[in-house]
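Q: There's a structure below that I have some questions on.
The values are calculated or read from the model by the stated rules, or taken from the named source; none is laboratory data. Note that the structure is a prediction, hence the values are computed from the model and not measured. Counting neighbours? That spans all protein chains shown, and the Cβs are built from the backbone with ideal geometry, glycine included.
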Amino acid sequence: MFDRVRTKNYSPGFVLLFVILLFAPNIYAQSGTDQAVNDGEKNNIPKADTGHLILEKIKCFDFGKEFEGVKEVQFSKTGSSLIVKTMSKLDLFPRRLYHLDTSNGKSKVIIDPLHSRRGVVGKASNRLLWTVKDKKELLLNELPENQDNPDDLGTEHRIKLQDPEQFRSVVAGSIQHNFIVEEWRDDELRIVDLKSGKIKHFLKMGIVPDAVALSKDETLLAVCGMPQEAWGTGDQMENSKSSFVYVWNTKTGKLLYKRILGYRVFMVKFCADDSMLICSGGVIVYLEGETGEGHLDIIQLKKNGWSWHYHNAVYIQAADLIDNQHIAVGLESGKLQIINYKEAILISEKQAHPWNITSVTVKDNLIASGGHYGKVCLWELKKQAKQPNASGK
């Protein structure tokens, strides 16, 4: 069944923290929930009985190696190829970046830090590559959006690091708009000017960034993570309920939106017109036979931060909007779901992977999903014709 909710039950300490955040400065929007959609497996979500979207598998590609799984997939602008980021199955750190031609299944390595350090991928996108040279210079490449040539790494840019000892990584950036976002060893982010190499804005949040996203127009930066002090304690179950999402203006460095979420965020991304933000993740649950519970929010940034909320019995590590009514959701169980989030209806569901869908991306009527065990699957969304009722209408 579906529940329309406005509030949740929290501990007194959590409520106090929320009240403090509610009146904190530089915050123009606070959290809210418009709809809650529960898991179909446990709550018998009704299938749509009229014309609706259905999933048809086109083909699968295997990137699985002994210690390698898929972390993220992205379509090229034409949709004829995919950029595939793999990860270590053991520590989940990125390993290689591939160009995959979906027409013939041929793939080619773009970067391979293990053997030739041609670049490291930023958290916000597979297309921004960075390398530190001689411990003082930062080399940057941004893959073309319509990249169908795996050897095209775009124009290389070089800047001097302001503080090489404190620099940790580049999490996002735009060559076109002349800025990058650096993560330093204090876990805080800085927006750095590409021309001068100087820090433009210091984004102080007090969290360890787990997920980062840049808007399509590159003027908004979303950052999700748990408080720094939470990592120093042993109670990961409670800490996973204290994750934050921040949205910053990359031009002015102004904080536009801040919200506390009741789960750890694994993925964050903007929708096509940047009006909504998708956050997905889960809460650690230490119960026999249970690994955790999944949560997903579709946050309307321009409507006071109200969101549609989806709850599942397993982690949700991946999702992407199909249109202004439907979303594709990848579950830890390996199931790929199509949900009408405005009407709270589970439209379609497929067992897409053996376990843990780690990435979902949508391009027109195509969906690509990546799994922990190394497979990338390509799906086609089709509109099923409306079936006549008993009266023949």
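Q: Count, please, the residues in the stretch 336-366 that happen to be touching a Phe, Trp or Tyr at 6+ places or on another chain (Cβ under 7 Å) and of a type in the set (Ser, Thr, Tyr).
A: Qualifying residue count, the stretch 336-366: 2.
Q: Something else about it: Please specify each residue of the stretch 245-267 satisfying the condition of being under 16 Å from Tyr310 (Cβ atoms) and free of Cβ contacts under 8 Å to residues at least 40 places away in the same chain.
A: Tyr263, the sole residue that qualifies.
Q: Can you pull out the residues in the stretch 50-80 that are surrounded by fewer than 20 Cβ atoms within 10 Å (Cβ to Cβ) and at pLDDT below 75?
A: Thr50, Gly51, His52, Gly64, Lys65, Glu66, Phe67, Glu68
Q: Another one. Need the failing condition index for Asn340 against (1) touching a Pro at 6+ places or on another chain (Cβ under 9 Å); (2) in contact (Cβ under 8 Å) with a residue 60 or more places away in the chain, just the number.
A: (1)
Q: Now for a different question. If the requirement is being under 28 Å from Cys60 (Cβ atoms), at pLDDT below 85 and not charged (D, E, K, R), which of these qualifies: Asn126, Asn104?
A: Going through Asn126, Asn104 in turn, just one is under 28 Å from Cys60 (Cβ atoms), at pLDDT below 85 and not charged (D, E, K, R): Asn126.
Q: Tell me whether the stretch 357-366 contains one or more residues that are of a type outside the set (Ser, Thr, Tyr), in contact with a Pro (Cβ under 8 Å, 6 or more places away or on another chain) and at pLDDT 90 or above.
A: no
Q: Filter the stretch 236-259 down to the residues that are touching a Leu at 6+ places or on another chain (Cβ under 9 Å) and modelled with pLDDT under 90, then identify the one that is nearest to Met226 (Cα to Cα).
A: Ser243
Q: Continuing with the same structure: For His372, work out the one condition from (1) at pLDDT 90 or above; (2) under 16 Å from the mean Cα position of the chain (by Cα); (3) crowded, with 19+ Cβ neighbours inside 10 Å it doesn't fulfil.
A: Only one criterion is unmet by His372, namely (1).
Q: State whether the residues of the stretch 174-185 include one that is in a loop (DSSP other than H, G, I, E, B) and touching a helix residue (DSSP H, G or I) at 6+ places or on another chain (Cβ under 9 Å).
A: No.
Q: For the stretch 152-169, state whether one or more residues are assigned to a strand (DSSP E or B), buried (at least 17 other Cβ atoms within 10 Å of the Cβ), of a type in the set (A, V, I, L, M, F, W, C) and modelled with pLDDT under 90.
A: Checking the stretch 152-169: at least one residue is assigned to a strand (DSSP E or B), buried (at least 17 other Cβ atoms within 10 Å of the Cβ), of a type in the set (A, V, I, L, M, F, W, C) and modelled with pLDDT under 90.
Q: Now, a different point. Across the stretch 82-101, which residue is modelled with the lowest pLDDT among those that are over 15 Å from the mean Cα position of the chain (by Cα) and among the charged types (D, E, K, R)?
A: Of everything passing the filter in the stretch 82-101, Asp91 is modelled with the lowest pLDDT.
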